[in-house]
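Report on the structure given below.
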Protein chains: 4
Amino acid sequence: MKKFWTLLKDKPRLWHIIFESDDRESKAFDLTVMIAIVISLVVAFVESMPSVAGLYKDILTVLEYALTFFFTVEYLLRIYCSPVKREYVMSFFGIIDLLATLPLYLSFLLPSTKYMFILRAFRLIRIFRVLKLFAFINEGYLLLESIKRSMNKILVYFLFVIVLVTIIGTLMYMLEGQQPDTQFTDIPTSIYWAIVTMTTVGYGDITPVTVVGRLLSALVMILGYTIIAVPTGIVSATMINETKRKGVNGRCPRCNQKTDLNANYCKHCGERL
Amino acid sequence: MKKFWTLLKDKPRLWHIIFESDDRESKAFDLTVMIAIVISLVVAFVESMPSVAGLYKDILTVLEYALTFFFTVEYLLRIYCSPVKREYVMSFFGIIDLLATLPLYLSFLLPSTKYMFILRAFRLIRIFRVLKLFAFINEGYLLLESIKRSMNKILVYFLFVIVLVTIIGTLMYMLEGQQPDTQFTDIPTSIYWAIVTMTTVGYGDITPVTVVGRLLSALVMILGYTIIAVPTGIVSATMINETKRKGVNGRCPRCNQKTDLNANYCKHCGERL
Amino acid sequence: MKKFWTLLKDKPRLWHIIFESDDRESKAFDLTVMIAIVISLVVAFVESMPSVAGLYKDILTVLEYALTFFFTVEYLLRIYCSPVKREYVMSFFGIIDLLATLPLYLSFLLPSTKYMFILRAFRLIRIFRVLKLFAFINEGYLLLESIKRSMNKILVYFLFVIVLVTIIGTLMYMLEGQQPDTQFTDIPTSIYWAIVTMTTVGYGDITPVTVVGRLLSALVMILGYTIIAVPTGIVSATMINETKRKGVNGRCPRCNQKTDLNANYCKHCGERL
Amino acid sequence: MKKFWTLLKDKPRLWHIIFESDDRESKAFDLTVMIAIVISLVVAFVESMPSVAGLYKDILTVLEYALTFFFTVEYLLRIYCSPVKREYVMSFFGIIDLLATLPLYLSFLLPSTKYMFILRAFRLIRIFRVLKLFAFINEGYLLLESIKRSMNKILVYFLFVIVLVTIIGTLMYMLEGQQPDTQFTDIPTSIYWAIVTMTTVGYGDITPVTVVGRLLSALVMILGYTIIAVPTGIVSATMINETKRKGVNGRCPRCNQKTDLNANYCKHCGERL
């Protein structure tokens, strides 16, 4: 406890613990926040199921109070240790953090439960904080790096898919839309069907019935089958290059010693990676 | 406005702006056309939904007049600046461009709305013009190049899939077609089912019910699972070779400077790519 | 016609034309047979659709007579030019070729149409002859070679998938089988469901309803998602090695000249491929 | 028979045959056990189908007695030849082996068939023993090795997918959950839907109906499409590296002679693999 008061006076250290994640204490803090977020998620899950929520009403109320208290303390600490308070408060996560504390307080003022639900949803957005942790696991770094490096190509590919899907959806609407009791009621629905089909999801809520419609569908499926190969090819090529640059399993290809994944030169022998 | 009249006299420059896409002005022209095509798409989407179309009737009418005016001017300009007018008018896009202007004009002559719909569909074909732009983005170039280079192999693979699917579809028709209330009513339907299954789309509108039919289905699925690997392997292998040839991230493997993607030799050091 | 009689006397040449496919005339013969097979397929397709078959009854009858005549002549020629006649007659394709000629002849003797149907099905098996042609297209050769080389690994992977699917199917039967109105009626059905799910086909004819069942399903799906990567990895790795061995696009890595795909040494410079 | 009694006295040899799988006799023993497990699986399959089980009641009873006898003898032999008996009896497979022998014995004591069913299920767990064999096939070794080496990355990827799926599921519940007769009844169901969609399984038991819901679904599908590329990229990259390290088709890159797959140096020329 005494340690906590000492820490409270050392603002830069407190800021480091709360906002960074590179030593033991800051990681412990992040982990605690993560656990609180996961608990708040579970509470939200249970509350969305009326039959189960009825059984555990008391526990849910206690957890609600505890979580609100925790998130409030966390929010105040974050403001307290920020060098430029206004910057944090107005930032994306600053607003999210504030909204996460509000639901319970507002329930004292407002009786309606409907708005409560929407406010509580903001608490779920805090799960994005978890993503921050990925950058500190070696494998996570490689994953994010490969995705980032493939981004440009994948975006272009997305554009390509959207154009394709629009053409196919419109064609299907023309072929199937005139049928009585057709499920292809309008062009956007047909485009939705084209996406469902080309990605091989295939719900089956919208299916062609005419012979020509089925023929076009078959073509779209085999096409989609081939197109699935494109982003796979992109990411595979990127990953293989990435692995080659960084050495197999993060080892330098010259001296075979472990290197950091974000390094451009081997720290042991200076080899360009 | 004065600039426009000057331009109108300089036919070769006008032709360059309209038919090419490699400098600032020609790209601006292409973009304007793209926006008009996208707007005409949105209009078509909304008109296919009767309930929504009723609400925005006035806006849709205005947009229809504006788009017809724009497409007419564009069509006339294209004819005007073409050196060999007949060639453009009789070309694929020449006919499409003409058809894109017609719907409104014909609605003054013909009262029927059914033919109108088909004519308007031609306007959608103009979306193919968008694909032209892909060749000017570096990533798009790599994408199209990889697909083009894999084309031969993928076509052979298609043939292979079609033969396979015919055999499987016929077998399933023999196994399941004799069942009362079977969904495998004829061989083309069974082949359609085989494609839906092998591509892992799996709508579920046609499913086997006999034990032998399910056994064959299970085999087909695991087979399809493996076959999905073939085009992925083709495209991955092509992309990795392509990346190697052009250098990682479009850099020369020798001097590490940026190269053009369609170059065969590095423009900085002459290295064969 | 005279040429045909000359050819009929030159048995070895006739045999070469009919059974091989490596020069212009033998390819022409194969193509003719392929076209006849495709026509017989289309006839079978149409006959499986009673409503359409009624409309084209006369054409179908004529085609049936023509095909039977063609297949009979082909069968007799194959026997005639074989050096060891008994060998061909008793071979797999010899029996299939015989069965392909029978349906019409038997319909004069037997009135029942049911057995006719099964006999006609054998004609469809002749489509396998098409596969023979793949070996003569360069891309087809690479495709078949890659599949052949990956076969061992893919078979082991199949075994692995079968074991996995059995375990998962049995677990799901234990979790969901006790529910009233369950779709998991027995273990084989549950295994069928596991295959449908793991291959991401997902018909939706059998779906879990309990919370634990859905949790296990979710796990199976994400697992299947990862497992789909294994054969892709196998084939990609094989294809990249194959391309490297044979040179990019079938060119020798040393002298950059075109090589044959089944060559182990470059025919221009002797480089080991 | 005499050979069997001799063997029974040579405990270390017996232990080697039963617990290892690296020579002819131990492989034969493993195969016998595998066959018994497969038969016990088939018996369990048939017994889960009441209509079929009725027909083969006698055979099933005989097989049940035979299997129980076989598993009992195997269990006793395993205890007998273990140097530290307690260690085997308390091990995971020791307990499974015991449970596999119990169902029949317990049916003499207890009349209830319900508990019998659960006990018999443990027999199915013995199928995991089959996986042990994979390590002794060269291709199986490469498969397991590639999966093991990719494990870290795939686990991180799993975590990533779970976070993503939670966010998407919650969003969909907010968008679709307010609809009358919605299938998105609570957040866990929505997350289940998100997994079914992102893995492209697409049962179709839960489908969006609102325009915004369908738009988000379309996004999720195209996203899932790209994300499917990540583990494929991981495994492909690992496999290609693995193949390179061990040489193409398990041959040393220097002397081109066959190497063992778990070797780090070529046994013929000492090349580092």
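Using a probe radius of 1.4 Å on protein heavy atoms only, what is the accessible area buried between chains D and C, both sides summed, to the nearest 100 Å²? Could you put the intermediate results ahead of the total?
Values: alone 17910 and 17900 Å², together 31640 Å².
Result for this pair: about 4200 Å² buried.
A Förster distance of 56 Å, applied to the separation of the beta-carbon atoms of B:Ile162 and D:Val163, puts the FRET efficiency at 0.85.
Could you list, in their original order, any pairs among A:Lys148/D:Lys153; B:Lys153/C:Lys11; B:Lys9/B:Lys85 whose Cα atoms are separated by more than 27 Å?
Pairs exceeding the cut-off: B:Lys153/C:Lys11.
Taking all C-alpha pairs of segment D:1-111, those more than 16 Å from each other amount to 66 percent. Computed 3J(HN,Hα) for segment D:69-77, one whole-Hz value per residue from the Karplus formula 6.51 cos²θ - 1.76 cosθ + 1.60 where θ = phi - 60°, is 4, 4, 5, 5, 4, 4, 4, 5, 4, glycine and proline marked x.
For peptide C:51-59, how many partner chain Cβ atoms fall within 10 Å of a residue's Cβ, on average?
Details: counts 2, 3, 1, 0, 0, 0, 0, 0, 0.
Per residue, the average neighbour count from other chains is 1.
Calculated FRET efficiency, A:Glu87 to D:Asn152, Cβ-Cβ distance, R0 = 41 Å: about 0.65 to the nearest 0.05.
Once both labels are positioned 7 Å from their Cα atoms along Cα-to-Cβ, the gap between D:Lys3 and C:Arg13 label points is 6.3 nm.
Shielding value for D:159-172 is 4, the average number of Cβ atoms from other chains within 10 Å of each residue's Cβ. Spin-label model, D:Val38 to A:Leu223: label points 7 Å out along the Cα-to-beta-carbon direction sit 4.5 nm apart. With the charge dipole of segment C:136-244 set up from +1 on Lys and Arg Cβ and -1 on Asp and Glu Cβ about the Cα centre, the Cα lying farthest toward the positive end among the listed residues C:Gly224, C:Ile206, C:Ser146 is that of C:Ser146. Shielding value for B:184-193 is 5, the average number of Cβ atoms from other chains within 10 Å of each residue's Cβ.
Taken about its Cα centre, segment B:136-244 carries a charge dipole of roughly 400 debye when the Cβ of each Lys and Arg holds +1 and the Cβ of each Asp and Glu holds -1. Within segment C:2-47, the residues that become at least 50 Å² less accessible when every protein chain is included than when their own chain is isolated (1.4 Å probe; DNA, RNA and ligands ignored) are C:Phe45. Each peptide in C:35-41, C:185-191 receives the mean, over its residues, of other Cβ atoms within 10 Å, and ordering these scores from highest gives C:185-191, C:35-41. Treating each Cα of segment C:136-244 as one equal point scatterer and applying the Debye formula with no solvent, the log10 of I(q)/I(0) at q = 0.18 Å⁻¹ comes out as -0.84. Projecting the Cα atoms of B:Pro12, B:Thr68, B:Thr32 onto the charge dipole of segment B:1-110, computed from C-beta unit charges around the Cα centre, puts B:Pro12 farthest toward the positive end.
Before I look further, what does segment B:22-118 give for accessible area per residue, probe 1.4 Å, in whole square angstrom?
On the way: 5890 Å² over 97 residues.
Value returned for segment B:22-118: 61 Å² of accessible area per residue.
Counting only protein heavy atoms and a 1.4 Å probe, segment A:136-244 has 34 square angstrom of accessible area per residue. Among B:Lys9, D:Lys57, the order of accessible area from largest down is B:Lys9, D:Lys57, computed with a 1.4 Å probe on protein heavy atoms.
The values are calculated or read from the model by the stated rules, or taken from the named source; none is laboratory data. All values derive from a computational prediction rather than experimental measurement. Heads up, the Cβs are rebuilt from the backbone with ideal geometry, glycines too, and the neighbour counts pull from every protein chain shown. Heavy atoms of the whole protein, side chains included, go into the accessibility calculation; ligands, DNA and RNA do not. Shrake-Rupley method; radii C 1.70, N 1.55, O 1.52, S 1.80 Å.
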